[in-house]
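Student: Input: one structure, supplied below.
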Amino acid sequence: MSETQDYEKAAASSPSSVAVFAAHDQGAVKRIQHALHQTPWMVPAIVLAASILVFGLLLGEKFFSPFALTLILQQVQIVGILGAAQSLVILTAGIDLSVGAIMVLSSVVMGLFSFRYGLPTELAVAAGIACGTFCGFINGFLVAVMRLPPFIVTLGMWQIVLATNFLYSANETIRAQEIAEQAPLLQFFGNKIAIGGAIFTYGAIFMVLLVLFLAYVLRQTAWGRHVYAVGDDPEAAELSGVQVKRTLISVYMLSGLICAFAGWALIGRIGSVSPTSGQLGNIESITAVVIGGISLFGGRGSIMGMLFGALIVGVFSLGLRLLGADAQWTYLLIGVLIIAAVTVDQWIRKVSV
Amino acid sequence: MQPILKARDLVKRYGRVVALDSCDFDLYPGEILAVIGDNGAGKSTLIKAISGAVTPDSGKIWLEGREVRFHSPLDGRHAGIETVYQTLAMSPALSITDNMFMGRELRKPGFLGSVLRQLDHKAMESFAREKLNELGLMTIQNINQAVETLSGGQRQGVAVARAAAFGSKVIILDEPTAALGVKESRRVLELIQDVRSRGIPIILISHNMPHVFEVADRIHVHRLGRRLCVINPKDYTMSDAVAFMTGAKEPPPEPLAA
Ligand SMILES: Nc1ncnc2c1ncn2[C@@H]1O[C@H](COP(=O)(O)OP(=O)(O)OP(=O)(O)O)[C@@H](O)[C@H]1O
Ligand SMILES: [Mg+2]
C-alpha cells in the first residue's frame, strides 16, 4: 500500500493547468481536416459553387440565367427527393437499392387507383403513399429484426417491387392528357411558379423543403441523433439506450414514404404514369449521397451535402450539354467525383488518429 | 439487511461456452462491491445480465426485493442501474454531449420542445461540462468535440462521468480505470467514494488489486462463470485474493454475509 501512495503523490504534485493542448499549433492541413470533420457538407458546397462559376464563365448568359439555374433544380428534383430517402438509410450504415422501384410502384398505384378503380384522387394518392411506406417497412423489418444485410434485402426488394410494378400495371402507361383532365391532383408537383425568368416547379420546391426539414430533424431531435448513433456503432447505441431496431425500422419506413412522394413528384415531372420510368433512381440517388460527402460506412455526413451532390450532377449535366460535349463526359466526370468524394471521406475519418 | 440487488442461478451460454454457470450475486445498499476474476471468468457477462444488456438463459434477478426482467439496457437504465461497459459504448462520430445524453435527451421547454421536438443543446452542454469538471477532465477543450478525437483515457472518463451523473440506484463500472493515467485513476477512485457517500452502491470490476483493496467493502471472487467466494478485504491480503481467483488456493469455507 505505501508503495501505491508514493507514486500517486508524485502525480498529485504535477501542475493542474487545464487545456494544455490548446496552445499547440496545428498545421493548416490538419485544421482543414478538422473543419471538414465538423462540417462534412463543405466539400460538396465548394465543388458546387466552383462548378457553377466555371460553367458560368465558359457559357455566360446561356448558363448563368435564372432560367437555366432553375432548370437544374427541376432536373434534379426526383434524384434529390430519392437522395433524401437514400441519405437516411446510408446514415444508418445501410443502403437502399429499392428506392427507384418503390417510387415507380407508388406512382403506378396512384395512377391505377384513380383510373382502373375510379377512386377519388386524394384516396389514390394516399394509397400510393401507404404502398411506399409499406415497402419500406418490409425492408426495415428484414434488416432490423431478421438481421439481414441491407444490400441483400434491398437488392431483393428492388427486383420484387419492380416485377410487381410491371405485373400490376400490365406495363401500361397512363397518358398525361388523361391525367390532366381527370385527375389533375396527380400532377400537383408539376405546377410552376415563375419569378422573372426563374421557374420553380412545386416538385423542386418540395425537394428543397424536404431536405431542410430532414436537416432539422437529424440535427435537432433525439430521433435524428439516434439515426447517427445507430449508423456509427449499433452495439454501442443499443448499450447507451437507443432502441436500435425501432430506429432502423422507422428509417426504412420514412425512406419508403419519401420514395412514394418521389413517385408523386415523378408524375408531375413527366406528366404521365409510366411503369418503365425512373429505373436509375437507386444508382443516381446513391451517387448524390456519395458526392454529397455522406459516408457509406454510416454515421457521418449531412443531408444538405446530398442536395449539393445532386445539384453538382445537375450542373455538370446541363453545363456540358450546353457546351455541346458528348454526354459520356458527364458520366466520366461524375465517376471521378464519386471516387474523389470517397477518398476525402476516408481522409476525414483519420482525424482521430 | 436485504441486498439491493440479488441474483440467483444465472446461466448464460454462448454456443458451447458457459459464460455464467448458475452464478449468484448480492449487492448491499451503500457498499462498494469489487468483482475480481481471471480474463474470461464471466465478470462482464454477469454485469451485462444485471444491466439488461444480456438476457440470461435462466436465473432470477431482484432489485430492491422485486423481481426484474430486463430485455434491453434501456430497461435496466429506467430501473436506475447505470453502467460503464468495458467497451465504453460510445458513438465515436458524435460529440461528448450527444453521447452523455444518448437515449435521454433534454428537449426545449414549451412549444419548441413538445411540438417541434427540438433538443435543448445548451442545457445538455452545460450539464456535460459541469460533470466533466467534477471529474477533473477539463483537458478536454470542447464539449462538442467528437468522441473519436479524444484519447482512450478521456473517453473512459466521459463514460464514467455519464454513469455517475445518471445512476440513481446502482452504478456498475467494468474496468473503469483500465486506460487511465495515475492522476485520472485517482480521480475515478475519489468519484467512486463520492458516489458511495451519496448512498448509491457500486459494482466495480477491476484487475487492479491495490485499487480494489483500497475502495472495496467486499470482494466478489469470480471463477469459471460463478461466484467462488466473497471476502472482506480487511481479512485477506491481495495475494490471497489472487490465489482464490486463479484456483491456487481453496476459498474460505463459509460464504461471507454483509
Ligand atoms: N458475445 C459473446 N459471444 C460469444 N462468447 C462470448 C461473448 N461474450 C462473452 N463470451 C465468452 O464468455 C466468457 C466470459 O466472458 P466475459 O467477457 O464475461 O469475461 P470477463 O470476466 O469479463 O473477462 P475480462 O477480464 O477479460 O474482461 C468468455 O469465454 C467469452 O469468450
Ligand atoms: Mg470483462
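Student: Tell me, please, whether a residue that is in a loop (DSSP other than H, G, I, E, B), touching a helix residue (DSSP H, G or I) at 6+ places or on another chain (Cβ under 7 Å) and buried (at least 21 other Cβ atoms within 10 Å of the Cβ) can be found in region B:158-176.
Tutor: Within region B:158-176, one or more residues are in a loop (DSSP other than H, G, I, E, B), touching a helix residue (DSSP H, G or I) at 6+ places or on another chain (Cβ under 7 Å) and buried (at least 21 other Cβ atoms within 10 Å of the Cβ).
Student: Please go through region A:144-158 and give me each residue that is without any contact (Cβ under 8 Å) to a residue 40 or more places away in the chain and in a helix (DSSP H, G or I), ordered by number.
Tutor: Let us first name the residues in region A:144-158 that are without any contact (Cβ under 8 Å) to a residue 40 or more places away in the chain, namely A:146-149, A:152-153, A:156.
Of everything in region A:144-158, those that are without any contact (Cβ under 8 Å) to a residue 40 or more places away in the chain and in a helix (DSSP H, G or I) turn out to be A:ILE152, A:VAL153, A:GLY156.
Student: Oh, and also: For the condition surrounded by fewer than 21 Cβ atoms within 10 Å (Cβ to Cβ) and within 11 Å of chain A (Cβ to nearest Cβ), what is the one hit in B:VAL182, B:VAL147?
Tutor: After applying the criteria, what remains is B:VAL182.
Student: Within region B:205-215, track down each residue that is away from ligand 1 (no atom under 15 Å from the Cβ) and open to solvent by less than 10 Å² (accessible area, probe 1.4 Å).
Tutor: B:VAL215
Student: Which of the residues that make up region B:164-179 are within 13 Å of chain A (Cβ to nearest Cβ), within 16 Å of ligand 1 (Cβ to nearest atom) and among the hydrophobic types (A, V, I, L, M, F, W, C)?
Tutor: Residue satisfying the conditions is B:ILE172 alone.
Student: Return the residue satisfying two criteria in turn: it lies in region B:58-90 and is open to solvent by less than 20 Å² (accessible area, probe 1.4 Å) and on the phi > 0 side of the Ramachandran plot, and of such residues it is nearest to the other protein chains (Cβ to nearest Cβ).
Tutor: Restricting to residues being open to solvent by less than 20 Å² (accessible area, probe 1.4 Å) and on the phi > 0 side of the Ramachandran plot, the top hit is B:ALA89.
Student: Spot the failing condition for B:ASP235; the list is (1) over 19 Å from B:LEU27 (Cβ atoms); (2) not in a loop (DSSP other than H, G, I, E, B), and only one is missed.
Tutor: Among (1) over 19 Å from B:LEU27 (Cβ atoms); (2) not in a loop (DSSP other than H, G, I, E, B), B:ASP235 violates only (2).
Student: Further, regarding this structure: Out of the residues in region A:159-177 meeting the condition of being part of a loop (DSSP other than H, G, I, E, B) and touching a residue at least 60 places away in the same chain (Cβ under 8 Å), tell me which one is surrounded by the fewest Cβ atoms within 10 Å (Cβ to Cβ).
Tutor: A:ASN171
Student: If only one of B:GLY42, B:GLY113, B:GLY52 is small (Gly, Ala, Ser), within 16 Å of ligand 1 (Cβ to nearest atom) and within 12 Å of chain A (Cβ to nearest Cβ), which one is it?
Tutor: Numbers: B:GLY42 fails: within 12 Å of chain A (Cβ to nearest Cβ); B:GLY113 fails: within 16 Å of ligand 1 (Cβ to nearest atom).
After ruling out the rest, the residue left standing is B:GLY52.
Student: When you scan region B:1-46, how many residues do you find that are away from ligand 2 (no atom under 13 Å from the Cβ) and in a loop (DSSP other than H, G, I, E, B)?
Tutor: Total meeting the criteria: 10.
Student: Taking region A:96-123 on its own, how many of its residues are in a loop (DSSP other than H, G, I, E, B) and surrounded by fewer than 21 Cβ atoms within 10 Å (Cβ to Cβ)?
Tutor: Residues meeting the conditions: 5.
Student: Which members of region A:220-245 meet the condition of being touching a residue at least 40 places away in the same chain (Cβ under 8 Å) and either open to solvent by 40 Å² or more (accessible area, probe 1.4 Å) or of a type outside the set (A, V, I, L, M, F, W, C) (or both)?
Tutor: A:TYR228, A:GLY231, A:ASP232, A:ASP233, A:PRO234, A:LYS245, listed by residue number.
Student: Considering only region B:13-38, state which residues are open to solvent by 30 Å² or more (accessible area, probe 1.4 Å), within 12 Å of ligand 1 (Cβ to nearest atom) and either not aliphatic (A, V, I, L, M) or not assigned by TED's automatic domain parsing to the domain that holds B:PRO233 (or both).
Tutor: Listed by number, the residues that qualify are B:ARG13, B:TYR14, B:GLY15, B:ARG16, B:ASP21, B:ASP38.
Student: Shifting gears a bit: Limited to region A:27-41, what total is found for residues that are touching a residue at least 24 places away in the same chain (Cβ under 8 Å) and away from chain B (no Cβ under 14 Å)?
Tutor: Total satisfying the criteria: 1.
The values are calculated or read from the model by the stated rules, or taken from the named source; none is laboratory data. It should be emphasised that the depicted structure is a prediction, and the values quoted were computed from it without experimental measurement. Here the Cβ is made from the backbone with ideal geometry for all residues, glycine too, and neighbour counts use every protein chain on show. Keep in mind that these areas ignore ligands, DNA and RNA; they rest on the heavy atoms of the full protein, side chains included. Shrake-Rupley method; radii C 1.70, N 1.55, O 1.52, S 1.80 Å.
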